[in-house]
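Data first, discussion second: the structure below is written as structure tokens.
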Amino acid sequence: MFEQIPATMKAWAVKSPAPIESVPCPLQLVEKPVPSPKAGEVLVKVLACGVCHTDLHVAEGDLPVHQPNVTPGHEIVGRVVQLGLECQRFEVGDRIGIPWFRYACGVCRYCRSGRENLCPNSKYTGWDHDGGYAEYVTVPEGFAYRIPARYKSTEAAPLLCAGIIGYRALLRANVPAGGRLGLYGFGGSAHLAAQLAIKQGVEVHVFTRGKDAQKFALELGCASAQGAYDCSPVPLDSAILFSPAGEMVPNALANLAPSGTLALAGIYLSDVPSLNYQDHLFHEKTVTSVESNTRQDGEEFLRLADRLGITPTVTPVTFDQADQVLKWVARGNIDGAYVLEMPS
Ligand SMILES: [Zn+2]
Ligand SMILES: [Zn+2]
């Protein structure tokens with residue numbers, strides 16, 4: 001059962017943030033020491049790591065790196081290979097998931113009131129700390145999840161960010177039972193949120209530029225699919241903007257019914273153009289954002305996904321293709337979600 005842990009490993013590192021098509025590419029394959037788990041942390045051998053749009057924002061510098069040469073990746077599925085001191089939650093050999101949300105202080109006013117996602121001392125995998133574009137990674141055991149047995153590792157990876165954030169966005173968008181929901185952008189997160197909403201009786205309308213994405217939305221059971229700037233066929237009770245394009249906000253607000261809510265799900269959004277009070281905000285419309293998630297969101301989502309059979313559509317790619325894949329993400333070719341698969 002015990003395997004030899006090497007001293008060094010292959011990992012991708014953000015050398016100096018720049019547009020992903022730059023030469024040299026900001027993401028470089030390097031040799032790093034295998035990290036040692038601190039007290040309360042476990043060492044995980046990575047099996048699969050999903051590629052999230054946020055990784056591109058880290059590589060390109062939209063989100064300034066918090067650690068030089070940081071390794072991106074925060075949709076990690078792996079096996080526990082070593083326990084740090086004081087660990088008691090997992091055993092060596094367990095398959096666990098490592099998400100974006102890595103640490104909260106537990107004592108601030110947000111942590112003490114069930115809003116740990118807003119903790120000012122929070123830390124994130126693949127931004128503050130090395131992530132899963134690597135052979136090994138550590139995680140505080142309290143911030144990892146057990147992976148339901150029904151999922152292959154590549155399938156489970158996108159659940160850990162795309163899925164959990166989509167779930168929190170559904171909560172923030174205040175979708176009424178049996179209501180109508182608009183989704184703007186239809187990538188990794190939206191295709192999981194759509195399945196979850198439809199299985200719970202919500203009518204889902206999709207707004208996205210790609211014809212393939214529109215077709216995919218209809219195949220998943222969405223009621224309609226149209227361009228990102230099109231008028232909605234029906235007034236919407238709730239909407240979620242998954243795309244990082246602030247230009248889409250006015251149309252998303254115009255398509256809301258009175259008292260509707262728009263949740264902005266991205267960690268990064270380009271500037272929102274000026275709004276017209278009558279068209280976009282009057283009639284008690286609400287605009288809100290989504291910041292990370294609590295661990296309770298994560299546990300609830302993984303339970304629901306398992307019970308309702310939410311299935312991520314993934315495109316597995318090899319570990320050494322990470323730089324290429326981020327270029328595809330930048331160009332908008334997202335087919336479900338890309339997942340780096342580690343050689344076994
Ligand atoms: Zn993510
Ligand atoms: Zn806190």
| query | Could you say which residue among Ser243, Ser274, Ser270 is small (Gly, Ala, Ser), under 28 Å from Thr154 (Cβ atoms), free of Cβ contacts under 8 Å to residues at least 60 places away in the same chain and not assigned by TED's automatic domain parsing to the domain that holds Gly73? | reply | Ser243
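Does Ala149 meet the test of being closer than 22 Å to Ala217 by Cα and either away from ligand 1 (no atom under 12 Å from the Cβ) or in the same structural domain as Pro72 (by TED's automatic domain parsing) (or both)? If you could, list the steps in order and put the result at the bottom.
Working: closer than 22 Å to Ala217 by Cα: no; either away from ligand 1 (no atom under 12 Å from the Cβ) or in the same structural domain as Pro72 (by TED's automatic domain parsing) (or both): yes.
No: the conditions fail for Ala149.
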| Would you call Val107 away from ligand 1 (no atom under 16 Å from the Cβ) and either within 18 Å of Leu160 (Cα to Cα) or in contact (Cβ under 8 Å) with a residue 12 or more places away in the chain (or both)? | no
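Identify the residue in the stretch 124-137 that is away from ligand 2 (no atom under 16 Å from the Cβ) and surrounded by fewer than 22 Cβ atoms within 10 Å (Cβ to Cβ) and, among all such residues, is nearest to Ala39 (Cα to Cα).
His129
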| said: Please determine whether any residue of the stretch 85-97 is of a type outside the set (Gly, Ala, Ser) and either closer than 26 Å to Ala245 by Cα or within 16 Å of ligand 2 (Cβ to nearest atom) (or both). | reply: no
| said: I'm told Asp237 meets every condition in (1) touching a residue at least 40 places away in the same chain (Cβ under 8 Å); (2) within 27 Å of Tyr151 (Cβ to Cβ) except one. Can you identify the failing condition by its number? | reply: (2)
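Restricting to the stretch 278-296, count the residues that are among the charged types (D, E, K, R) and either within 16 Å of ligand 2 (Cβ to nearest atom) or at positive phi (or both). Break it down stepwise before answering.
First pass over the stretch 278-296, keeping only residues among the charged types (D, E, K, R): 279, 284-285, 291, 295.
Retained after the next criterion (residues that are either within 16 Å of ligand 2 (Cβ to nearest atom) or at positive phi (or both)): 284, 291, 295.
Residues meeting the conditions: 3.
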| request: With the condition kept exactly as written, say whether any residue in the stretch 27-40 is modelled with pLDDT under 95 and buried (at least 18 other Cβ atoms within 10 Å of the Cβ). | output: no
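Kindly indicate the residue of the stretch 253-277 that is in a strand (DSSP E or B) and among the polar types (S, T, N, Q) and also nearest to ligand 2 (Cβ to nearest atom) among those meeting that condition.
Going through the stretch 253-277, the residues in a strand (DSSP E or B) turn out to be 256-264.
If we keep only those that are among the polar types (S, T, N, Q) as well, we get 259, 261.
Details: Ser259: 32, Thr261: 26 Å.
Going through the qualifying residues, I end up with Thr261.
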| Which of the residues spanning the stretch 105-123 are assigned to a loop (DSSP other than H, G, I, E, B), buried (at least 17 other Cβ atoms within 10 Å of the Cβ) and either at pLDDT below 95 or among the polar types (S, T, N, Q) (or both)? | Ser122
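Taking the stated definitions as given, is His66 surrounded by fewer than 22 Cβ atoms within 10 Å (Cβ to Cβ), outside any helix (DSSP H, G or I) and within 16 Å of ligand 1 (Cβ to nearest atom)?
Details: surrounded by fewer than 22 Cβ atoms within 10 Å (Cβ to Cβ): yes; outside any helix (DSSP H, G or I): yes; within 16 Å of ligand 1 (Cβ to nearest atom): yes.
Considered against the rule, which asks whether it is surrounded by fewer than 22 Cβ atoms within 10 Å (Cβ to Cβ), outside any helix (DSSP H, G or I) and within 16 Å of ligand 1 (Cβ to nearest atom), His66 comes out as yes.
If only one of Glu299, Glu247 is at pLDDT 95 or above and under 30 Å from Tyr151 (Cβ atoms), which one is it?
Details: Glu247 fails: under 30 Å from Tyr151 (Cβ atoms).
Glu299 is the lone residue from the list that is at pLDDT 95 or above and under 30 Å from Tyr151 (Cβ atoms).
Looking at the stretch 124-136 only, could you name the residues that are away from ligand 1 (no atom under 15 Å from the Cβ) and outside any loop (DSSP other than H, G, I, E, B)?
Within the stretch 124-136, the subset away from ligand 1 (no atom under 15 Å from the Cβ) is 130, 134-136.
Within the stretch 124-136, Ala134, Tyr136 qualify.
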| task | Mind counting the residues in the stretch 176-232 that are part of a loop (DSSP other than H, G, I, E, B), buried (at least 22 other Cβ atoms within 10 Å of the Cβ) and of a type in the set (S, T, N, Q)? | result | 1
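The values are calculated or read from the model by the stated rules, or taken from the named source; none is laboratory data. Treat the numbers as computed from the prediction; the structure is a model and nothing was measured. Every residue, glycine as well, gets a Cβ built from its backbone with ideal geometry; the counts of neighbours run over all protein chains shown.
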